[in-house]
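Student: Here it is: the structure, laid out below.
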Amino acid sequence: MSYEILQADSGCPGEPTPNLEDYEQFRAAFDWDQARQQLARLPAGGLNIAHAAIDRWVLAGCGDRVAMRFIRRDWERRNFSYAELGRQSARFANVLAGLGLAAGDRVFTLAGRIPELYFTLLGTLKFGAVYCPLFSAFGPEPVRARLDIGGGRVLVTTLSLYRRKVLPIRPQLPELEHVLLTDARGADLPEGTRSFAELMATADDAWRIPPTDPESLALLHFTSGTTGKPKGAMHAHEAVVAHYATGRYALDLHPGDVYWCTADPGWVTGISYGAIAPLANGVTIIVDEEEFDAERWYRILAEERVNVWYTAPTAIRMLMKQGKELAATHHYDRLRHLASVGEPLNPEGVIWGQAVFGRPFHDTWWQTETGAIMIANFRSLDVRAGAMGRPVPGIEAAIVSVQRDPDGNPVAAEVVTTPDEQGELALRPGWPSMFRGYLGDEARYQRCFADGWYLSGDMAKRDADGWFWFVGRADDVIKSSGHLISPFEVESALLEHPAVAEAGVVGLPDPVAGAVVKAFVELKPGHEGSEELARQLIGFARKRLGAALAPRSIAFSDRLPRTRSGKIMRRLLRARELGLPEGDTSTLETNG
Ligand code: 6R9
C-alpha cells in the first residue's frame, strides 16, 4: 500500500503538548475507570451527563468561564458562561417538572443551532428524561416516524418548522403532548403549542439533579438501516465517560481552548462532540447558527481564535473547491488541531489541511451506535493520509470475517490476522458509550453481534502497523454529505406516489457530497416515464422527506432486478449504473 505520511507536529512554542503523548504506552496503561474517576460523581449519587458537562465546573468555582459562544446569523455574538448554562438548563428541568413529565420520558428537538436546543439537551438530562434531536432538514415523514418510534412527549421547535413539518403530522402523534416554540409567544402561538420563553421565564433557575444511575437512558439518536424503520440507538449517562476521554485524547482538548464542531445538532456528532465532550472538558464551544459558508467559516476560525476544529469531509471538499486564496485572507495562528468525521476523508483533504492551515486533518471514525470516537489519527502520531487511524485507548478493534445465514443474520465472526486483508470492522463491546439497544427492536440489536464482537457494518482493512483503512459499507446504507440515509425510507416515500409500483434507491459517487441518492422506479401500468414525471417524483419525495434525504435523480425501468424472494437488488442497480462488475447474481430472479 502506498500513502503519504504527514509527520506529527511537534507544536509551536507555547502550545500545549498533546494530552496523549505516547500512544503505545498510554494505551497499554489505560482503563476506563481512570477516565471515570476524572469526572466528578453527582453529589446526590451516580453519574449524570449534565452534571459532568456543566454543574461540576460551577461547583468547582469556574462558573464564569465561557461555555458557549453563540454566533447569530447576523453575526451578533453572545457568551453563555458555565453558570448561565447551568441556570438555563435548571430552568428547563423545572419546566419539564411543571409539565408533569416522568423520568425516562422522551424530549425531542427539531431545530438548528439555537441556544434553546442546548438548554433543552442539558435540562432534559438534569431532569432525568431522555433527549432526542431531529435534523431540521427532515421533512414531515421522517419527523413523524422518529417521534412515533421514540414516543416523544415534548417537542421543542421553532414556529416555522412547526408549521411546515409538524402540523401536517400532529394528528398522527397522540403521545406528543407538549410542543414548545422558541420564537413565538402570546397571540402568535398556533393552537396546541406553548411558548418556550414564557415557560422558562417563570421557572426556577435552581434544580437539584436527582440521583442518576449511570446505566439510565440519557440520549436517543436515530440512525438508518437498509430495511425497516429508522433505528433509535439508546445511550446511557455512562456515555459521558467516553465523550470526556475522547475529547481529551482524540481531539486533544485543553483547558482554555476555543473549540468548534460544525456538525448539525440533529446528528449524533452535533450532540456528542458539539456539546457534551467539549463541555465535559471545560472548554468554550462555538455555536454558529448559519449553515456552511466558506467565507464565514474562515472568518470564524480566525476571529474566534479557534484552537480545535472538528468538521466533516463534505465541508472540507467544499472549502477546497473555493480555492486556497480565499483561505489565505485570514490568519489561523491559534489553530492547533484539525479533525474530521462522518465519511471517508480523501488523502487530498488531509494534505490540503497541511497546506492551508499548517496542520493536516486528523480523520476519526465512529458511529451513532458507538456513541464516541473509536478510531482516530492522534496529534502525537504521524498521520497516514487516507487512513482512519488507530483505536482509541480502551477500544479493541479488529477486522473480522463474518458468516451470515440466508437471512443475513451473523452466525460467526473470525478475526482476520493477515495485514491489509479486507473484512468487517468489529469492536469488542463494553466501552462506556456503547449503545444499549435499539428502542423497541431487540432483534435488530442482537443482529449486530457475533462471537463476542460488535459488527459495525463497515468494511475495512488493518495494515501491519495497526492503522485502520476504510473500504466501504457492508450494506446498502448511503452516506450523503454526512447524512446516513436509509434507501428503504426513500423507497417507502416514493411508493406512496400513485404512479410508482416499485423503487430501488442507491448512492452514486459524488466528488463533493461523497454520494448522492438516485432512485430507480418501476411504474404502475398506465404510467409512462418522462422528464416531467421524474421532476414530479423528486418534488413529491422532497416534500415528504426533506431535501437532505430526497433523491437527486430518477430513472425509470420496466423491471427492476430482484432476488428470487422478491427483494430489489440495489447492489446490482448500482453496479449497472456505474459499469462495475455485477458480482454474485446467483439469487437474481430470471425474467420470463
Ligand atoms: C459519527 C457518524 C456512521 C457511518 C460509519 C461509516 C461512516 C463515519 C467515517 C466513516 C469513513 C470515517 N463513517 N466516519 N467512513 N471514514 N472516518 O458518522 O455516525 O451517522 O451513525 O454514521 O459513517 O460508514 O459506519 P453515523
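The values are calculated or read from the model by the stated rules, or taken from the named source; none is laboratory data. Note that the structure is a prediction, hence the values are computed from the model and not measured. Cβ placement follows ideal geometry from the backbone for every residue including glycine, while neighbour counts extend to all protein chains displayed. Each accessible area value is taken on the protein alone, full model and side chains, heavy atoms only, with ligands, DNA and RNA left out. Shrake-Rupley method; radii C 1.70, N 1.55, O 1.52, S 1.80 Å.
Student: Quick one: is G139 touching a Cys at 6+ places or on another chain (Cβ under 8 Å), open to solvent by less than 10 Å² (accessible area, probe 1.4 Å) and of a type in the set (G, A, S)?
Tutor: no
Student: Could you list, in sequence order, all residues of region 18-42 that are assigned to a loop (DSSP other than H, G, I, E, B), surrounded by fewer than 16 Cβ atoms within 10 Å (Cβ to Cβ) and either among the aromatic types (F, W, Y) or in contact (Cβ under 8 Å) with a residue 60 or more places away in the chain (or both)?
Tutor: E21, D22, D31
Student: Checking E369 against (1) surrounded by 20 or more Cβ atoms within 10 Å (Cβ to Cβ); (2) more than 27 Å from I286 (Cβ to Cβ); (3) more than 13 Å from the ligand (Cβ to nearest atom); (4) under 23 Å from the mean Cα position of the chain (by Cα), which test does it fail?
Tutor: (3)
Student: Filter region 560-587 down to residues that are within 19 Å of A493 (Cα to Cα), charged (D, E, K, R) and in contact with a strand residue (DSSP E or B) (Cβ under 7 Å, 6 or more places away or on another chain), then give me how many there are.
Tutor: Residues meeting the conditions: 1.
Student: Taking region 191-203, which residues are open to solvent by 20 Å² or more (accessible area, probe 1.4 Å) and assigned to a helix (DSSP H, G or I)?
Tutor: Once the filter is applied, which keeps residues that are open to solvent by 20 Å² or more (accessible area, probe 1.4 Å) and assigned to a helix (DSSP H, G or I), region 191-203 yields A197, E198, L199, A201.
Student: Moving to a separate point now. Checking N79 against (1) part of a loop (DSSP other than H, G, I, E, B); (2) open to solvent by 50 Å² or more (accessible area, probe 1.4 Å), only one condition comes out false. Which one?
Tutor: Of everything listed in (1) part of a loop (DSSP other than H, G, I, E, B); (2) open to solvent by 50 Å² or more (accessible area, probe 1.4 Å), N79 misses just condition (1).
Here's the yes/no breakdown for (1) more than 25 Å from L220 (Cα to Cα); (2) hydrophobic (A, V, I, L, M, F, W, C):
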| position | (1), (2) |
| --- | --- |
| G437 | no, no |
| D441 | no, no |
| C448 | no, yes |
| L455 | no, yes |
| K461 | yes, no |
| G466 | yes, no |
| D475 | no, no |
| I478 | no, yes |
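Student: Take region 357-380 and flag every residue that is assigned to a strand (DSSP E or B) and β-branched (V, I, T).
Tutor: Of everything in region 357-380, those that are assigned to a strand (DSSP E or B) and β-branched (V, I, T) turn out to be T364, I375.
Student: So, one more: Across region 528-559, which residue is nearest to the chain's Cα centre (by Cα) among those that are open to solvent by 20 Å² or more (accessible area, probe 1.4 Å) and under 21 Å from R144 (Cβ atoms)?
Tutor: The qualifying residue nearest to the chain's Cα centre (by Cα) is A548.
Student: Of the numbered conditions (1) in a strand (DSSP E or B); (2) on the phi > 0 side of the Ramachandran plot, H235 satisfies every one except a single condition; which is it?
Tutor: Condition not satisfied by H235: (2).
Student: For the structure I just gave you, tell me whether P419 is under 21 Å from G386 (Cβ atoms) and surrounded by fewer than 18 Cβ atoms within 10 Å (Cβ to Cβ).
Tutor: Criteria met by P419.
Student: Working only within region 431-463, note down all residues that are touching a residue at least 40 places away in the same chain (Cβ under 8 Å), farther than 18 Å from E396 by Cβ and either crowded, with 21+ Cβ neighbours inside 10 Å or more than 15 Å from the ligand (Cβ to nearest atom) (or both).
Tutor: Scanning region 431-463 gives R436, G437, Y438, L439, G440, D441.
Student: Keeping to region 213-259, report how many residues are within 13 Å of the ligand (Cβ to nearest atom), open to solvent by 10 Å² or more (accessible area, probe 1.4 Å) and not hydroxyl-bearing (S, T, Y).
Tutor: 3
Student: Here's a follow-up. If we scan region 316-335, do we find a residue that is within 22 Å of the chain's Cα centre (by Cα) and closer than 21 Å to L20 by Cα?
Tutor: no
Student: Mind checking which residues of region 323-350 are within 22 Å of P391 (Cα to Cα) and touching a Leu at 6+ places or on another chain (Cβ under 8 Å)?
Tutor: H337, A339, V350
Student: So, in region 314-336, of the ones that are within 16 Å of the ligand (Cβ to nearest atom) and modelled with pLDDT of 95 or more, which residue ends up surrounded by the fewest Cβ atoms within 10 Å (Cβ to Cβ)?
Tutor: A315
Student: For the list (1) free of Cβ contacts under 8 Å to residues at least 40 places away in the same chain; (2) among the β-branched types (V, I, T); (3) open to solvent by less than 10 Å² (accessible area, probe 1.4 Å), I need the number of the one condition that I286 fails.
Tutor: Unmet for I286, out of (1) free of Cβ contacts under 8 Å to residues at least 40 places away in the same chain; (2) among the β-branched types (V, I, T); (3) open to solvent by less than 10 Å² (accessible area, probe 1.4 Å): (1).
Student: Restricting to region 388-422, count the residues that are closer than 18 Å to A464 by Cβ, of a type in the set (V, I, T) and within 16 Å of the ligand (Cβ to nearest atom).
Tutor: Qualifying residue count, region 388-422: 2.
Student: A further question follows. Can you give me the number of residues within region 464-496 that are part of a loop (DSSP other than H, G, I, E, B), at pLDDT 95 or above and surrounded by 19 or more Cβ atoms within 10 Å (Cβ to Cβ)?
Tutor: Residues in region 464-496 being part of a loop (DSSP other than H, G, I, E, B), at pLDDT 95 or above and surrounded by 19 or more Cβ atoms within 10 Å (Cβ to Cβ): 1 in total.
Student: Can you name the condition, by its number, that F30 falls short on among (1) within 29 Å of N79 (Cα to Cα); (2) touching a helix residue (DSSP H, G or I) at 6+ places or on another chain (Cβ under 9 Å)?
Tutor: Among (1) within 29 Å of N79 (Cα to Cα); (2) touching a helix residue (DSSP H, G or I) at 6+ places or on another chain (Cβ under 9 Å), F30 violates only (1).
Student: Test each condition in (1) within 14 Å of the ligand (Cβ to nearest atom); (2) surrounded by fewer than 24 Cβ atoms within 10 Å (Cβ to Cβ) for I351 and report the one that comes out false.
Tutor: Failed condition: (1).
Student: For region 82-190, please list each of the helices (runs of 4 or more DSSP H) lying entirely inside it that holds at least 2 residues being of a type in the set (V, I, T).
Tutor: Of the helices (runs of 4 or more DSSP H) lying wholly inside region 82-190, those with at least 2 residues that are of a type in the set (V, I, T) span 115-127, 140-150.
Student: To continue, here is another question. Quick one: is F378 within 22 Å of P255 (Cβ to Cβ) and of a type outside the set (V, I, T)?
Tutor: yes
Student: Of all residues in region 249-290, which are within 18 Å of P313 (Cα to Cα) and in a loop (DSSP other than H, G, I, E, B)?
Tutor: A250, L251, T262, A263, D264, P265, G266, W267
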